[in-house]
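First the structure, in the form of structure tokens, and then the observations on it.
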Amino acid sequence: MIDKNINKIRSDIPDYVEIIAISKTKPNEDIMKAYKIGHRSFGENKVQEMSRKFEELPKDIIWHMVGHVQSNKIKYMAPFVNLIHGVDSFKSIKIINKEGQKNNRVLNCLLQLKISQEESKFGLETDALKKIIFSDEYDEMKNIKIKGIMAMATNTNSKDIIRNEFMYAKNIFDEISAVDNNFEILSMGMSNDYHLAIECGSNMIRIGSLIFGDRNY
Ligand SMILES: *Cc1c(COP(=O)(O)O)cnc(C)c1O
């Protein structure tokens, strides 16, 4: 099932869109089913779970942290994480840079842009996000690279609301990528809204339940 699910999603989206298989709460066997058909990019939302899976699974897996980043956990993933999606404070950026330095790596991350009015959604307001990107302080950091934006739309049935939110993120992304060569990833779209996200310019989708089935928390 898992292999078929990935192939089905792959077959009806453009080649340039990268699929991150969100394997949170799912066992290693499920990840290996996707791995065996050549899938390598997986995402988790808890540092401890991702670190355990990193230890137990093949080392050519490309790990994405898609959860909200707690600054005290950054050190545990710094040695191996490939992309940190949910960065939304300057405090985290400073720690990511410091941990990158300790590990002699440049840590790639995305800033999470708040596009939903929902209280529970994390993320930076537009002004705060731009302020970080264009700050001298970030410019001087050698061990972190902000590669783009991650955004999550409101959990609603209204396609109009979701489309407006995604288009908003795409506009901010275009504005920054026009002047910043590192800015190339727009991570948006999940199982329920990835077609709409791609229509609106997403080039990285984060798919969990559509690949692995429903999660039992
Ligand atoms: C869980 C999660 C996903 C995947 O959600 P599905 O609806 O199962 O596809 C995507 N992004 C983030 C940040 C998540 O936490």
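Summary table below
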| read-out | value |
| --- | --- |
| Condition broken by Ile132, with the remaining ones in (1) surrounded by 19 or more Cβ atoms within 10 Å (Cβ to Cβ); (2) aliphatic (A, V, I, L, M); (3) closer than 22 Å to Met65 by Cβ satisfied | (1) |
| Selection from the stretch 132-157 of residues that are of a type in the set (Val, Ile, Thr) and closer than 17 Å to Ser89 by Cβ | Ile132, Ile133, Ile144, Ile146, Ile149 |
| Residue count for the stretch 115-136, restricted to those that are in contact (Cβ under 8 Å) with a residue 24 or more places away in the chain and not hydroxyl-bearing (Ser, Thr, Tyr) | 11 |
| Search result, residues across the stretch 60-92 that are over 22 Å from Met204 (Cα atoms) and either of a type in the set (D, E, K, R) or part of a strand (DSSP E or B) (or both) | Lys73, Lys75, Lys91 |
| The stretch 138-161: number of residues that are loosely packed, with under 13 Cβ neighbours inside 10 Å, in a helix (DSSP H, G or I) and among the hydroxyl-bearing types (Ser, Thr, Tyr) | 0 |
| Residue identified as at positive phi and either surrounded by 14 or more Cβ atoms within 10 Å (Cβ to Cβ) or modelled with pLDDT of 95 or more (or both) among Gly123, Gly100, Gly86 | Gly123 |
| Within the stretch 149-166, considering residues that are without any contact (Cβ under 8 Å) to a residue 40 or more places away in the chain and of a type in the set (Gly, Ala, Ser), the one farthest from the ligand (Cβ to nearest atom) | Ser158 |
| Residue in the stretch 141-159 that is among the hydroxyl-bearing types (Ser, Thr, Tyr) and under 15 Å from the mean Cα position of the chain (by Cα) present | no |
| Residue within the stretch 190-213 that is outside any loop (DSSP other than H, G, I, E, B), within 14 Å of the ligand (Cβ to nearest atom), touching a His at 6+ places or on another chain (Cβ under 7 Å) and of a type in the set (A, V, I, L, M) present | no |
| Pair list, Cβ under 8 Å, 6 or more apart: the stretch 14-27 residue away from the ligand (no atom under 14 Å from the Cβ), other residue assigned to a strand (DSSP E or B) | Val17/Met204; Val17/Ile205 |
| The stretch 178-203: number of residues that are under 12 Å from Met152 (Cα atoms) and out of contact with any helix residue (DSSP H, G or I) (no Cβ under 6 Å at 6 or more places or on another chain) | 5 |
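The values are calculated or read from the model by the stated rules, or taken from the named source; none is laboratory data. Computed from a prediction, not measured in an experiment: that's the story for all the values here. All Cβ positions, glycine included, derive from the backbone under ideal geometry; neighbour counts span all protein chains shown.
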